[in-house]
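Q: One structure, as C-alpha cells, below. Some questions next.
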C-alpha cells in the first residue's frame, strides 16, 4: 500500500473512531439532550402558537427557527468540546503527535455534532407538525431536504474553525456562553438577518450559515424577501465561505501540529 493510500485510510479510520467515541460519550452522559433537543422543541411550540394563522408558511418559519437552534447549539458547544475534552483529559499533545492529522479527529467529533443536531431538528419537526396537525407547505420537498443538509455542512465548517481556534484559548466555555444567542440571531437561525439593523449584515455575511439559511428560505417560502441578490448568489456565497472556513481550519491545525512537534506541548496556550 502506498503512503498516500495509507494516509487516507488512516485518516478515514481515525474519523470513524472519533465519531464512534463521541456517540458512546453522548450515550454515557447525554447532558446535551436539554439544550439541543428539549429546549428547541419548547421554542418551536411557542413560535407556532405565537404565529398561528399568519399564512400558509408560518409553520415553516417556526420549524426552521427552532430546528436551527438545536443544530447551531450542538455545533457551537460540540466544537468547543471537540478540543476541550483533550485539554481536560490531558490528551491534547499526545493526540496531536499521533501520525494521523488532528483535523481528522476533530472532524469525527464535529460529524457526530451534525448527526445529533439533525436528530434534534427531526424531533422539533415531528413535535411541531403533530401539534399543527399537518406538515408545512413546501413547494419542493426534495430541494428543501438537500438545502437543509447543505446548511448542516456550513454549520460543520464553522464548528471545525471554532474547534481550531479553541486550541489557542482556555476560555472556550466563556465564548460559547456569550456567543450562543448572538449567533442564533446574527446568522439568521431564528429569523431572517434582513430584519436586523443594516450594519449587522456585513458582519453576518462572514458566516456560511447566513448565506445558506437565506437560500433555504428563498427555496421553501414563496414570496420570501431576503438579501436582494436572491437564491443563486446565496448558494455561491455559502459555497465560497464554507470552502474558506475549511481551508482556514486546515491551516490552523497544521500550525498547531507543527508547534507541538517542535516544542512538545501547548502549555503557554
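Please treat every number below as a calculation from the coordinates, not as lab data. Every value quoted in this text rests on a predicted model; they were computed, and no experiment measured them. Note that we place each Cβ from the backbone using ideal geometry, even for glycine, and neighbour counts take in every protein chain shown.
Q: Would you please state which residues of the stretch 205-233 a label at residue 138 would reach in this model, taking the label point 7 Å out along Cα→Cβ and a backbone N cut-off of under 13 Å?
A: Those under the cut-off are 216-217, 219-221.
Q: So, one more: Could you check the simple spin-label distance between residue 51 and residue 178, using points 7 Å along Cα→Cβ, in nm with one decimal?
A: For residue 51 paired with residue 178, the spin-label model returns 3.0 nm.
Q: To the nearest 0.05, what FRET efficiency results for residue 38 and residue 153 with a Förster distance of 22 Å applied to their C-beta separation?
A: Taking R0 as 22 Å, the efficiency between residue 38 and residue 153 is 0.30.
Q: So, one more: Quick one: Debye curve from the alpha-carbon atoms of the stretch 187-242 only, equal weights, vacuum; give me log10 I(q)/I(0) at q = 0.24 Å⁻¹ to two decimals.
A: Debye curve over Cα of the stretch 187-242, log10 I(q)/I(0) at q = 0.24 Å⁻¹: -0.91.
Q: For the stretch 92-216, what is the largest minus smallest coordinate of the Cα atoms on each principal axis, given in angstrom and ordered from greatest to least?
A: Principal extents (Cα only, largest first): 53, 33, 23 Å.
Q: Tell me the label-point distance for the pair residue 254, residue 199, using the 7 Å Cα-to-Cβ offset, in nm and rounded to one decimal.
A: A separation of 3.7 nm, rounded to one decimal place.
Q: Among 210, 154, 100, 243, what is the fewest-to-most ranking by other Cβ atoms within 10 Å?
A: 243, 100, 154, 210
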